[in-house]
Amino acid sequence: MGIPVTNPELVEGRLVAYKKLRYFPITHRLQRLFTSSRTAEHMTWHQSHHAVDGVMVHPFNGEAWKHFNSVHPHFLAESRNVRLGLCTDGFNPFGSFVAPYSCWPVILTV
């Protein structure tokens, strides 16, 4: 689903958006990860994983995850709850700092 930005171009007598925002619904994608027994096992791995003290091999073993678990025990109780990682970084698509805009891709991971 594309949502055009408010500055469309006039091309051959019709308005064409030259910038688009793409939105991918995450709810259905997460539901599909639980339909397969193989991927569902990976999605609930954090519930059955036992950490070794002093060794961090996964964010599950980190202090931030442990703090979140202590603050929100109701979230920890349901093994199907999913934590998402969000990453973003800005860049100028034309390599020039003169342009008044930049692009900000957003990456969401399970």
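If we scan the stretch 46-53, do we find a residue that is modelled with pLDDT under 85 and among the aliphatic types (A, V, I, L, M)? The answer is yes; a qualifying residue exists. Taking residues in the stretch 68-87 that are of a type outside the set (Phe, Trp, Tyr), and partners anywhere that are part of a strand (DSSP E or B) and surrounded by 10 or more Cβ atoms within 10 Å (Cβ to Cβ), the pairs with Cβ atoms closer than 6 Å and at least 6 places apart or on different chains are 84/108; 86/108.
Just so you know, in the stretch 19-42 the residues that are surrounded by fewer than 11 Cβ atoms within 10 Å (Cβ to Cβ) and assigned to a loop (DSSP other than H, G, I, E, B) include one that is modelled with the lowest pLDDT, and it is 23.
The values are calculated or read from the model by the stated rules, or taken from the named source; none is laboratory data. Predicted model only: the values in this text are computed from it and were never measured. Cβ: placed from backbone, ideal geometry, glycine included. Neighbour counts: every protein chain shown.
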